[in-house]
Structures are given as structure tokens and as C-alpha cells.
1. Could you run through the range 61-86 and say how many residues are loosely packed, with under 14 Cβ neighbours inside 10 Å and over 43 Å from the mean Cα position of the chain (by Cα)?
2. For the range 153-184, which residues satisfy the criterion of being in contact with a helix residue (DSSP H, G or I) (Cβ under 7 Å, 6 or more places away or on another chain) and surrounded by fewer than 18 Cβ atoms within 10 Å (Cβ to Cβ)?
3. Which condition number does residue 25 fail, the rest of (1) assigned to a helix (DSSP H, G or I); (2) surrounded by 12 or more Cβ atoms within 10 Å (Cβ to Cβ) being met?
4. Might you check whether a residue that is in the same structural domain as residue 163 (by TED's automatic domain parsing), modelled with pLDDT of 85 or more, exposed (fewer than 14 other Cβ atoms within 10 Å of the Cβ) and assigned to a loop (DSSP other than H, G, I, E, B) occurs anywhere in the range 3-20?
């Protein structure tokens, strides 16, 4: 039996496709939006599971301590003799391992020091130039919009903002809303429009249009 939650998510997907198309959407677009929901949900989950700044510093600190401990113990002849006696055929220790461990410890310490300090809910990422979940949602919408309408929407277009909101709701993840409009999506749309011809965007387009290609439907015939 299909759950109420699944029905609601499907309704949001169809509604987003209708808003993007401006009319009855082709079946491949509905399927593509469904794939976008899966990709967006993965992005949201990854962001939620990413450690906060305090956790990052603590874990990198533990890595530094562990690497230094291992390096120190492996330089101790007494410890080495016990290890070699316990498993003479399994260990092949040399100075390179100790050097590598010390390097790992130093790098972990430097990485921990690079994590910004201060209060706030913001997280720190190894590649801060990547898309946020909100931007991922927005780029799916603007790419689908271009596939259907032939051009990118302006960030001020209310239909594009509404499509972003519908796509986000289809993931089932709640977000903080300010006011009764979808205008908060304007900034996210503005941020992703310059990225719509990049390599990452091409991958997302392939997700959106996979069903169209499978059916052998040309863009002109959609």
C-alpha cells in the first residue's frame, strides 16, 4: 500500500514539473524531477551528517594524537621486538611508515587549526566552493526550466521560485521559512545561474533527461 507521505511527495514532484513546464509537462520531465528529488535528498542528508566545526577540530585532534602515538611506539625497539615476535611474517616495518605517520599527524594538526572558530551553525567543508543543498535544488530547477523553455529563468521569476519550493518539499525535509512567499529562493537561483554550463551541471542535466533519451525523444519534439 502506498503511504500518505509517498502520495504527497509524488504530488509535489508533479506540481514542480507543471510549474517548470508552464503547461502539461512531458512524462520524461516528471521522471527527471523524481530523480532530482533523490539527488537533492542525498545532498541534504550529506550536509546534515557533516560534522560541525567543534566535532571536526576534535576528530582531527584525535587523529593527530593517534598518529604521533603510533610513530613514537614504532620507534621504540622494545615494542618493535614484541610486535615482530608476535607476527614475524606479517610486519615489514621501516622508517618510511614512521615518517608517514608523523606527516599525517602534522597535516591533521594543520587541518584542525584551519577550521574557523567562533559561534554559529555554519559548518566547514574541505571544498567550500561546492553547492549547498539549497543551491542544488535551485540548479535542478533552472536546468529543467532551460530544457523545457529554451532559456534560463530570471531569479525574480515567481514560478521558478515556486518550483524550487515544491522540489524541496518533495524530499520531505522541513526548512525554516521566512514570510509567506518563496522569495528566499531568489538568492540561490542567482548563485547557480552562472554555473549552468559547467561540468557539474552537465551531469545533473543527464539525470533530468535520462528518460527522454531512453525514449528517443528529441528536444524539438517534446
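The values are calculated or read from the model by the stated rules, or taken from the named source; none is laboratory data. Note that the coordinates shown come from a computational prediction; the quantities given were computed from them, not determined experimentally. No Cβ is skipped: glycine too gets one built from the backbone with ideal geometry, and neighbour counts run over all protein chains shown.
1. Looking only at that region, the number is 8.
2. Of everything in the range 153-184, those that are in contact with a helix residue (DSSP H, G or I) (Cβ under 7 Å, 6 or more places away or on another chain) and surrounded by fewer than 18 Cβ atoms within 10 Å (Cβ to Cβ) turn out to be 156, 159, 172, 173, 175, 183.
3. So residue 25 meets the others, but not (1).
4. No, the range 3-20 contains no residue that is in the same structural domain as residue 163 (by TED's automatic domain parsing), modelled with pLDDT of 85 or more, exposed (fewer than 14 other Cβ atoms within 10 Å of the Cβ) and assigned to a loop (DSSP other than H, G, I, E, B).
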